[in-house]
Amino acid sequence: MNILVTGAYGQLGSEISSLAADYPGVQFFFTDYDTLDITDGAGIKRFFEMTKPGMVINCAAYTAVDQAEKEPEKAAGLNAGGPGLLAGACRDYDARLIHVSTDYVFNGRSCVPYDEEFQADPQGVYGLTKLEGENLVREILPGAIIVRTSWLYSPFGHNFVKTMLRLGRERASLRVVFDQTGTPTYARDLAGAILHMVRSAEGPAGWKPGIYHYSNEGVCSWYDFAREIFDIAGVPCVVEPIRSAEYPTPAQRPSFSVLDKGKIKAAYNLAIPWWQDSLKDCIKRLHT
Ligand SMILES: NC(=O)c1ccc[n+]([C@@H]2O[C@H](COP(=O)([O-])OP(=O)(O)OC[C@H]3O[C@@H](n4cnc5c(N)ncnc54)[C@H](OP(=O)(O)O)[C@@H]3O)[C@@H](O)[C@H]2O)c1
C-alpha cells in the first residue's frame, strides 16, 4: 500500500517516519510544506495522480495556538481548508484518510473526561479552525477517521518538554500553571496507535470510520508535568505553581482537557502507556 503522510517534519509526522521501518511492504511518501502544500488543491491532485496513495495520514496543521489569534485566515487555510482538500482528493481517488485533531475543540469547562460525543465548543481560533477541519472532513469523506489528541510532545519540533528542559537548565526556578488539567501525549505512542489502525484496516477488524480520542493514560496539571520532567531528567529547577490568571496568553487555554479513550481502546484493543513511562522514554531519547 502507498501511504501519504503530510506535515511529516512535524512532531507526529517525524514519529510516524521513525516507525516506518516496522512496516515492510508499505511505501510511505513523507511530505511537508516544501513537497506538498496541503492548501494547494492542484498540487494535491498532481501528487495523487503520481503516487496513487491508498491511505493519507494528515499530520500537517497550524499549531501555533497564540499566533492563530492574529492569523485566523492562515490558521483556517491550514486547519480547515487543507483537510477539506485532502478529503476531497481521497474521495476522488478512493483513498482512506486519517486526520488528526485536538482537545481544543472543547471548551475546557467539563469536569469529566471528554468522550467523542461531547458537544464541541472551541474557545479560540486554533480550536475553531480545527473543528471546521473536522466538519469538512466528515462532510466530504464520511468514511474518514479523525483522531483527537492533547498536549503532544516528542524529541522533535517545539513542545513543553523541550521548553522546560531548556528553561530548567537556565534558571533556578520556574512558575508553571497548576489549574489546567489534561493528559500529555507522547507523539511516538500516537504514531504507533495510528499505524496500528492502518494495519488493522487490512485485517478482519477492518476500517472503522469515526472520531477517536487518544492521549496517554493518566491525568496531570502543567505544574505536575514540569516537575516530572525535571525529576526524570535530574534538573534541579524548583517549580512554583501559579494560576492561569498569573500567566495570561493571547488564546484562552482549556482548564480541563482530559480525553476519554474508551472508544479507541475497545475498537482497536489498544493498551495505552502511562504518561510518566512515555515521558521517561522521550527524555532518554533526547539525552542519547
Ligand atoms: N502540538 C500539540 O500539542 C497538539 C495537541 C493536540 C493536537 N495536535 C494536533 O496533532 C497534529 C500534529 O501536531 P504536531 O505537533 O505534530 O504539529 P507540528 O509539529 O506543528 O507539525 C505540523 C507540520 O505541518 C507543516 N505544515 C505547515 N504548513 C503546511 C502546509 N501548508 N502543507 C503541508 N504541511 C504544512 C509544518 O511545517 P512548519 O513547521 O514549517 O510550519 C509542520 O512540519 C496536528 O493536527 C495538531 O493540530 C497537536
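Only the coordinates and a few stated rules stand behind these numbers; no lab work does. All values reported here derive from a predicted model rather than from experimental measurement. Note: ideal-geometry Cβ built from the backbone for every residue, glycine included; neighbour counts use all protein chains shown.
How many percent of Cα pairs in the stretch 46-154 exceed 18 Å?
49 percent
Please report the spacing between the Cα centers of the stretch 178-209 and the stretch 33-112 in Å, no decimals.
About 17 Å separates the Cα centre of the stretch 178-209 from the one of the stretch 33-112.
Pick from N216, N135, N79: which is most flexible by mean-square fluctuation in a GNM of the chain where alpha carbon atoms under 10 Å apart are linked?
N135
Any chance you could run the full-extension gain for K45 through V112? It's 0.36 nm times the residue separation minus the Cα-Cα distance, nm to one decimal.
19.9 nm
Out of P204, P113, P142, any idea which swings most in a Gaussian network model of the chain, alpha carbons joined below 10 Å?
Largest GNM mean-square fluctuation: P204.
Return the equivalent ellipsoid semi-axes of the stretch 1-112 as a descending list in whole Å, where each equals the square root of 5 times an eigenvalue of the C-alpha gyration tensor.
Calculated on Cα positions only, the semi-axes equal 25, 17, 13 Å.
In the stretch 160-264, which trypsin sites (Lys or Arg not before Pro) fall in coil by DSSP and have 15 or fewer other Cβ atoms within 10 Å?
Answer in residue order: R171, R243.
Are there trypsin sites (Lys or Arg not before Pro) in the stretch 1-94 that DSSP marks as loop and that have at most 13 other Cβ atoms within 10 Å, and which are they?
For trypsin sites (Lys or Arg not before Pro) across the stretch 1-94 that sit outside H, G, I, E and B with at most 13 neighbouring Cβ atoms in 10 Å, the list reads K70.
Kindly provide the GluC sites (Glu not before Pro) of the stretch 78-148 that DSSP labels as loop, not H, G, I, E or B, and whose Cβ sees at most 13 other Cβ atoms within 10 Å.
Filter output for the stretch 78-148: E117.
Have a look at G210, G82, G108 and tell me which one the Gaussian network model of the chain (Cα, springs below 10 Å) gives the largest fluctuation.
Looking only at G210, G82, G108, the biggest GNM fluctuation is shown by G210.
Take the eigenvalues of the Cα gyration tensor for the chain, scale each by 5, and report the square roots as semi-axes in whole Å, largest first.
After scaling each eigenvalue by five and taking roots: 31, 21, 18 Å.
Rounded to the nearest 500, what is the 222 nm mean residue ellipticity of the chain from helices alone, with -39500 (n - 2.57) per DSSP H run of 4+ residues and division by all residues?
Computed mean residue ellipticity for the chain: -11500 deg cm²/dmol.
Report the convex hull volume per residue for the stretch 167-237, counting only C-alpha atoms, in Å³.
108 Å³
Let me know the Rg and Dmax you get for the stretch 139-288 when you use only its Cα atoms, in Å.
Computed over the Cα atoms of the stretch 139-288, radius of gyration and Dmax are 17.2, 55 Å.
Specify which residue in the list G218, G182, C237 is farthest towards the positive end of the charge dipole of the stretch 157-260, using unit charges on the beta carbon of Lys, Arg (+1) and Asp, Glu (-1), about the Cα centre.
Ranked along the dipole, the leading option is C237.
What list do you get for T288, T35, T63 if you sort them by fewest beta carbons within 10 Å?
So the ranking, lowest neighbour count to highest, is T288, T35, T63.
So, with +1 on the Cβ of K and R and -1 on the Cβ of D and E, and no other charges, what is the size of the charge dipole of the chain about its Cα centre, to the nearest 20 debye?
Using Cβ point charges on Lys, Arg, Asp and Glu, the chain gives about 400 debye.
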